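Trainee: Quick one: this structure, given as structure tokens, is what I'll be asking you about.
The values are calculated or read from the model by the stated rules, or taken from the named source; none is laboratory data. Owing to the predicted nature of the structure, the values given are computational and were not obtained by experimental measurement. All Cβ positions, glycine included, derive from the backbone under ideal geometry; neighbour counts span all protein chains shown.
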Amino acid sequence: MKNKPLIMIGGGGHASVLVDILRSQNRDILAVVTPTEVENIIFSGIKHIPDDSDVLIYSPDNVLLVNGIGMMPNSYTRKKVNEYYLSLGFKFESVISNSAIVSAYAEISSGVQILHGAVIQTGAKVGSHSIINSRVVIEHDTEVGTYNHIAPGAVLCGSVKTSENVFVGAGATVIQNVVLHDGVFIAAGATVTRSLSQNSICYPGRATIIKGVP
């Protein structure tokens, strides 16, 4: 699979970081798919495709996709895009920076993105299509669910478990053995010391947890 050319979905900031990593690894990027003009110099020389449907000129057997759409709290755009292309038979490549440290005894699922300086320790598992951003630490035996975004500098201590669509903000810390259920949002800089139920929100410096976010 590593020899297949790539198509980047999205042309914004997150996509530019991924393209930078992939170009440093001499990967062949056929096109970038975005409705707006791509201005970042990192996209120079890459074909611009303005519409998602134009990707269908390529066979799913001959290319791999990379989802360059970032994930914000309570946003499902990234997931919807993935599901659209997966339903058509396409597959998503994982992107792992050369500067990331990933244990040989960690499990990394398809479509995962691990950016510069991240550390994934032994026994950790990262679910499909999750973003492990710059300088994140995923400690031993932690299980990150599907479609998570662990933002820059966040730390998940040992044996943490996250479910689907979890967002852990920049610089946040989740202590050992905590469970974060579907849709949990941890704001930047927060320290999480207990498990949180579905769709909970945790802000730094507050004793209360806000629940019931749709």
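Trainee: Identify, by number, the condition in (1) among the small types (Gly, Ala, Ser); (2) buried (at least 17 other Cβ atoms within 10 Å of the Cβ); (3) in the same structural domain as ILE69 (by TED's automatic domain parsing) that ALA151 doesn't meet.
Mentor: That leaves (3) as the condition not met.
Trainee: If you scan segment 143-162, which residues turn out to be among the hydroxyl-bearing types (Ser, Thr, Tyr), closer than 15 Å to ARG194 by Cα and outside any strand (DSSP E or B)?
Mentor: SER159
Trainee: Which ranges mark the strands (runs of 3 or more DSSP E) fully within segment 26-138 that have 2 or more residues being surrounded by 18 or more Cβ atoms within 10 Å (Cβ to Cβ), in contact (Cβ under 8 Å) with a residue 24 or more places away in the chain and not assigned by TED's automatic domain parsing to the domain that holds ALA187? Break it down into steps so the answer makes sense when it comes.
Mentor: On the way: elements: 29-33, 47-49, 64-67.
Ranges flagged: 29-33, 64-67.
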